[in-house]
Amino acid sequence: MSSNSKIDAKRMPRHVAIIMDGNGRWAKAKGLPRTAGHQQGVETVKEITEEAVRMGVKYLTLYTFSTENWNRPQMEIAALMGLILDHLEDAIFMKNNVRFRVIGDMARIPDVVRERLDACMRRTAGNDAMTMVIALSYSSRWELVEAMRKMGEEVKDGTLCPGQITEETIQRHLATSFMPDPDLLIRTGGEFRISNYLLWQCAYTEFYFCDTYWPDFHAEEFKKAIAEYQSRERRFGKTSEQVATK
């Protein structure tokens, strides 16, 4: 039985977040430079984006480049930025009616890359089949610090009272305020951690870890993750009986 036959189209996760791990190890195993792994990883992004649209996912967030990744060799960083620019030229967004968004510390992104990111966001702003978000120069700790700074400024200006701060207040100040929290987080590459990714947002997210390196994570693997998600009972602190009678 295929994974697709097990999937209930009425119970699709609204938001899927992915940590795309294993590009470098995939390349090393094949005797190729790490950049070849990143290049093949871009092809996987295209495939999974199209599959997510087809299946009815509304938000797909991809951990593309963390703040910690700035510590990688300069040549690899340059290659990654070049791949991002090439990807933005692809017609996948318009072809699949996908809106493009970015979250992360844009102050560290080269001007030429930032300008192209902005242009792609403007060009796709009217698309509504799915929103594809790339987390670029992103980390959750950076995001939370930025949110605290913004709220601190509002308290200083007198537009926010500390006693009025709620979970919803914090949510509004996060980089992800325009979308719901992830229902499912997928990490490829065999690691069992979330690496400073969407820490606040993943409070009730279902996690799916697999050994497959990202360049080999094809549509069928994505369907397996969705099928596994649908096999779980999401209680959000309630009992099974309460969920069953909802």
Next item on the list: Report the charge-dipole magnitude of region 27-102 in Debye, nearest 20, computed about the Cα centre from +1 at each Lys and Arg Cβ and -1 at each Asp and Glu Cβ.
Entry: 160 debye
Checklist line | CD proxy at 222 nm, helix term only [per DSSP H run n ≥ 4: -39500 (n - 2.57); per residue of the chain; nearest 500] | finding: -12500 deg cm²/dmol
Checklist line | Alpha carbon Rg of the chain, scaled by the compact-globule rule 2.2 N^0.38 Å | finding: 1.05
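Report for the chain the percent antiparallel among DSSP-assigned beta bridges with both residues inside it, nearest 5. Kindly include the intermediate steps, with their values, before the conclusion.
Values: 0 of 26 bridges.
Close to 0 percent.
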Next item on the list: Could you sort 213-225, 62-74 so that the peptide with the highest average Cβ count within 10 Å comes first and the rest follow in order?
Entry: 213-225, 62-74
Item checked: Length added when fully stretched, ALA91-MET121, from 0.36 nm per residue minus Cα-Cα -> 9.5 nm
Next item on the list: Report the chymotrypsin sites (Phe, Trp or Tyr not before Pro) located in region 98-182 that are in a DSSP loop and have at most 15 other Cβ atoms inside 10 Å of their Cβ, or state none.
Entry: PHE178
Next item on the list: Quick one: dipole size for region 108-246, taken about the Cα centre, charges +1 on Lys/Arg Cβ and -1 on Asp/Glu Cβ, in debye to the nearest 20.
Entry: 120 debye
Item checked: Positive-end extreme of charge dipole, the chain - chosen from MET94, ALA219, HIS38 (charges on Cβ) -> ALA219
Item checked: Integer Hz, Karplus 6.51/-1.76/1.60 couplings in order for region 20-28, x for Gly and Pro -> 8, 9, x, 4, x, 5, 4, 5, 4
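Suppose the chain between LYS6 and GLU167 were pulled fully straight at 0.36 nm per residue; how much longer would it get relative to their current alpha carbon spacing?
Extending this stretch completely gives an extra 54.4 nm.
How much net charge surrounds ARG34 when only the other residues with a Cβ under 10 Å from the Cβ of ARG34 are counted, with Lys and Arg +1 and Asp and Glu -1? Show your work: numbers first, answer last.
Numbers: positive: ARG25, LYS28, ARG72; negative: GLU76.
Counting the neighbours of ARG34, the net charge comes to +2.
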Notebook entry, point to check: Based on Cβ point charges of +1 for Lys and Arg and -1 for Asp and Glu, what charge dipole magnitude is obtained for the chain about its Cα centre, in debye rounded to the nearest 20?
Noted result: 320 debye
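Given just the C-alpha atoms of region 1-131, how large is their convex hull per residue in cubic angstrom?
Details: hull volume 16.0 nm³, N = 131.
In region 1-131, the Cα hull volume divided by residue count equals 122 Å³.
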Next item on the list: At a Cα cut-off below 29 Å, give the lysines reachable from LYS6, other chains included and same-chain residues fewer than 8 away excluded.
Entry: LYS46, LYS58, LYS95, LYS223, LYS224, LYS238, LYS246
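We did not get these values from a lab; they are worked out from the coordinates using the rules stated. No experiment lies behind these values; they were computed from the predicted model shown. Using ideal geometry, Cβ is built from the backbone for each residue, glycine included, and neighbour counts are taken over all protein chains shown.
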